[in-house]
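A short worksheet on the structure shown next.
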Amino acid sequence: MKTSKNPHDVFNHRVRAASRRGTIFEAISKLANYFGLQSLPTEVIRIAQQLRPIEQEVLNKLYSEHIPMSMLALAWVCENEEYDCIGDLCMGRGLIGVNAYKNGKRFVGTELNHKRLAVLYCIWGRGDIVK
């Protein structure tokens with residue numbers, strides 16, 4: 001899909017849109033369709049089943065707090081997945097790079113908008129990134 005939007009913005013928008021579905025399984029199906037996934041790990045289904053008793057609360061939280069929830073999800077991936085190097089082709093302000101660094105993983109990224117990239121350089125230069 002071609003878009004002029006930042007991939008993180010697209011991701012956040014899709015999470016918010018999926019959260020308006022009636023059930024957590026419908027929301028997961030919508031997200032899987034958005035991202036072209038044909039299957040999911042069984043762990044996802046197990047977690048979704050555990051969330052069923054509070055699914056409306058979870059969906060409402062995703063709708064109202066989709067940006068911080070998406071950021072937490074990205075941070076979790078950088079922390080828990082077994083990658084030696086993490087890449088982000090449209091890195092924006094560098095959220096993925098910061099989390100890769102915090103978790104001792106190499107990072108490769110590109111960003112065409114020099115103003116967005118400058119934000120990451122400022123954060124690094126000030127020493128605001130703490131492991």
*Debye, to nearest 20: dipole size of the chain, +1 on Lys, Arg Cβ, -1 on Asp, Glu Cβ*: 400
*Tilt relative to the chain, helix 42-51 - C-alpha long axis, 0 to 90 degrees, to 10*: 70
_Could you work out how much longer the chain between L51 and Y121 gets when fully extended? Use 0.36 nm per residue separation minus the Cα distance between them, nm to one decimal._
21.3 nm
*Globularity ratio of segment 41-98, using Cα Rg and 2.2 N^0.38 Å*: 1.37
*Given R₀ = 25 Å, FRET efficiency for A32-W76 by Cβ-Cβ distance, to 0.05?*
0.85
_To test your reading of the geometry: what angle, between 0 and 90 degrees and rounded to tens, separates the Cα axis of helix 7-18 from the longest principal axis of the chain?_
10
*Report which label in [x] 20, 16, 14; [y] 29, 17, 14; [z] 22, 17, 13 holds the value of semi-axes √(5λ) of the Cα gyration tensor in Å derived from the coordinates of this structure.*
[y]
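For a protection proxy built on the mean count of beta-carbon atoms within 10 angstrom, sort 43-54, 84-95 highest first, please.
84-95, 43-54
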*So who's got an amide H within less than 5 Å of the one on I86, skipping anything under 5 residues away but keeping other chains? H placed 1.01 Å off N, in plane.*
R106, F107, V108
*Taking 7 Å along the Cα-to-C-beta vector as the label spot, tell me the L112-K61 distance in nanometres, rounded to one decimal.*
3.7
*Answer with one residue from N103, G125, M71: the one whose Cα lies farthest towards the positive end of the charge dipole of the chain, charges on Cβ with Lys, Arg +1 and Asp, Glu -1.*
G125
*To the nearest 0.05, how large is the calculated FRET efficiency for L89 and A17 if R₀ is 22 Å and r is the Cβ-Cβ distance?*
0.45
*So which aspartates and glutamates can K102 reach, going by Cα to Cα under 17 Å and dropping same-chain residues fewer than 8 places off?*
E79, E81, E82, D84, D88, D128
_Placing unit charges on C-beta atoms (Lys and Arg positive, Asp and Glu negative, everything else neutral), compute the dipole magnitude of segment 1-64 about its Cα centre in debye, rounded to 20._
220
_Cα-based Rg / Dmax (Å) for segment 82-131_ = 10.5, 31
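Any read-out appearing in this document is the output of simple, stated calculations on the displayed coordinates, not a laboratory observation. In this text the structure is predicted, and so the values were computed from the model without any measurement. All Cβ positions, glycine included, derive from the backbone under ideal geometry; neighbour counts span all protein chains shown.
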